[in-house]
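Everything on this sheet refers to the single structure shown next.
The values are calculated or read from the model by the stated rules, or taken from the named source; none is laboratory data. Owing to the predicted nature of the structure, the values given are computational and were not obtained by experimental measurement. Here the Cβ positions follow ideal geometry from the backbone for every residue, glycine too, while neighbour counts run over all protein chains shown. We work out accessible area using only protein heavy atoms, side chains counted, and drop any ligands, DNA or RNA first. Shrake-Rupley method; radii C 1.70, N 1.55, O 1.52, S 1.80 Å.
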Amino acid sequence: MNISGLSFNALPPIDLPFRFFLSAPLFIIACALLVLFSGETLWLSRWHPNMLALTHGFTLGFLTMVMMGALLQLLPVIGGIGIAKPRLIATTSHILYCAGVITLMLSFVLSTNWLTLTALALLSLGLGVYLGAIIWVLIKKISQGDSINCFRLAIASLAILLLLGVLLLANRVGVSLPFITVDKHLTDIHALMGLVGWAGILIIAVSFQVLPMFHVAPNMPKYIRHYLGGSIFILLITYIFYAELALGLLFISHGVFAITLFHVINQRKRKVPDTSIKYWKLSAGTLLVLNLLYLLPDSFYSSTQTPFFMALPDKTMLLTAIFIYFYLLSVIQGMLLKILPFLSYTHLQQRCLIDFSAMQFIPHMHEFLNKKHGVVLYYMHIFSGLSLLTVIFEPSLYFIFAVFLLVEFVWLFVLMAKCMCLYFTVNNKINLSSKP
């Protein structure tokens with residue numbers, strides 16, 4: 001493991017990111033129940049209210065929740081300094097944000113104005129508190145670097161995402177602003193800022209550190225580290241005015257990233273079997289497949305029958321589902337398999353700096369999250385992803401996807417809970433041993 005250039009002196013208390021991580025799979029479990037409740041009508045349109053609830057459960061409830069927790073740790077490790085008053089900020093933002101996501105999902109399902117207004121207030125406050133603390137660090141106090149610069153772009157995307165989300169929710173309850181037209185194009189900008197800007201650029205930034213650190217892989221090429229994040233952000237802004245051109249270039253940019261990922265992974269020095277690497281390869285392969293699917297003409301998707309004698313779903317829904325499930329979720333799960341045991345071990349190791357005898361209590365890093373259990377999670381993810389594709393083509397099979405989804409994320413929750421319980425058990429032993 002290569003940890004040169006990283007700092008572990010300003011780590012926040014580990015229970016702060018843990019609460020974000022442990023909350024995230026609960027939202028996907030709720031999504032699985034929503035799929036069961038909604039039936040096959042859920043898949044008729046991406047504008048179906050329950051589909052909007054499902055999408056936001058995945059993107060806000062899981063993806064953003066994990067990334068908010070990860071940033072609490074990544075900023076101190078990569079930049080050398082964390083947010084001020086981390087316990088106050090993390091606790092406040094976590095409570096408000098969780099309540100906001102729950103309320104937002106219910107507002108889509110129940111179509112009630114007061115729930116929409118409540119979600120608007122809670123999400124604005126929760127994300128506002130978090131964003132304010134992170135932006136203050138990124139602007140005022142932190143060192144420069146390729147990952148840090150991409151963090152800035154990802155946070156800028158999250159701020160734009162929040163602003164557009166506020167406009168869209170306000171429009172749902174009849175509040176409109178002059179000079180702003182709330183239409184499908186604005187919704188598409190909102191979605192791209194979340195999926196490609198906030199989540200996508202942050203994943204790119206993290207890859208600069210995670211692959212060399214955990215897998216002894218070479219650094220990403222300079223043209224990727226210096227220009228990819230900025231290019232994607234510029235294309236997202238360009239999309240506002242030239243949608244088709246920008247969207248095509250965004251797919252190509254991610255294709256370049258995928259090819260680079262494969263190259264860097266294959267050049268790693270530590271070529272031992274690793275589930276996290278399988279997730280990275282799955283994600284890179286997904287980006288290449290998405291390029292091929294995007295290049296197929298729209299007429300191919302609109303035809304009633306394909307060469308495979310099967311009607312194709314809506315192109316946007318298909319590409320979005322694949323991007324979220326096989327790319328974003330795959331990367332996040334793969335990184336959790338590395339981050340959870342690493343954080344647990346590192347925090348306990350920091351405790352031992354003032355009492356070396358406490359090292360006897362710290363288990364091996366792999367004991368925090370068993371490798372075989374990670375492999376099981378990976379294959380669960382493959383099967384649930386394939387069941388998602390199946391239900392998109394044949395909505396009547398929604399039950400299969402719901403079951404696979406439920407099993408996968410219950411298993412992820414169990415793995416995370418076991419890791420955290422082991423951490424606190426060992427931490428208590430260290431506390432007891434240090435007492436006179």
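Quick notes on this one:
- Restricting the search to helices (runs of 4 or more DSSP H) fully inside the stretch 337-436 and requiring at least 2 residues that are without any contact (Cβ under 8 Å) to a residue 60 or more places away in the chain, hydroxyl-bearing (Ser, Thr, Tyr) and out of contact with any Cys (no Cβ under 6 Å at 6 or more places or on another chain) gives 371-393.
- Flag if Arg152 is open to solvent by 30 Å² or more (accessible area, probe 1.4 Å) and either farther than 28 Å from Thr238 by Cβ or touching an Asp or Glu at 6+ places or on another chain (Cβ under 6 Å) (or both): no
- Within the stretch 180-274, helices (runs of 4 or more DSSP H) holding 2 or more residues that are over 30 Å from His373 (Cα atoms) and touching a Cys at 6+ places or on another chain (Cβ under 9 Å): 222-239
- Filter result for Leu123 (farther than 27 Å from Gly80 by Cβ, among the aliphatic types (A, V, I, L, M), assigned to a helix (DSSP H, G or I) and in contact with a helix residue (DSSP H, G or I) (Cβ under 6 Å, 6 or more places away or on another chain)): yes
- A single member of Ala321, Ala417 is open to solvent by 10 Å² or more (accessible area, probe 1.4 Å) and farther than 20 Å from Phe58 by Cβ, and it is Ala417.
- Selection count where residues are in contact with an Asp or Glu (Cβ under 8 Å, 6 or more places away or on another chain) and among the polar types (S, T, N, Q), scope the stretch 371-430: 2
- Positions within the stretch 169-189 being under 22 Å from the mean Cα position of the chain (by Cα) and open to solvent by 30 Å² or more (accessible area, probe 1.4 Å), in sequence order: Thr187
- Given (1) part of a helix (DSSP H, G or I); (2) surrounded by 24 or more Cβ atoms within 10 Å (Cβ to Cβ), number of the condition Gly82 does not satisfy: (1)
- The single condition among (1) at positive phi; (2) open to solvent by 20 Å² or more (accessible area, probe 1.4 Å) that Leu60 does not meet is (1).
For (1) farther than 25 Å from Met65 by Cβ; (2) out of contact with any strand residue (DSSP E or B) (no Cβ under 7 Å at 6 or more places or on another chain); (3) among the hydroxyl-bearing types (Ser, Thr, Tyr), each residue gets a yes or a no:
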residue	(1), (2), (3)
Met193	no, yes, no
Pro212	yes, yes, no
Phe241	yes, yes, no
Glu244	yes, yes, no
Gly248	yes, yes, no
Thr275	no, yes, yes
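- Check on Tyr327, farther than 25 Å from Glu408 by Cα and assigned to a helix (DSSP H, G or I): no
- Scanning the stretch 331-342 for residues that are over 13 Å from Glu367 (Cα atoms) and of a type outside the set (S, T, N, Q) yields a count of 6.
- Looking across the stretch 204-254, just one residue is in contact (Cβ under 8 Å) with a residue 60 or more places away in the chain, more than 20 Å from the chain's Cα centre (by Cα) and more than 19 Å from Ala284 (Cβ to Cβ), and that is His226.
- Flag for Val272 being modelled with pLDDT of 75 or more and exposed (fewer than 12 other Cβ atoms within 10 Å of the Cβ): yes
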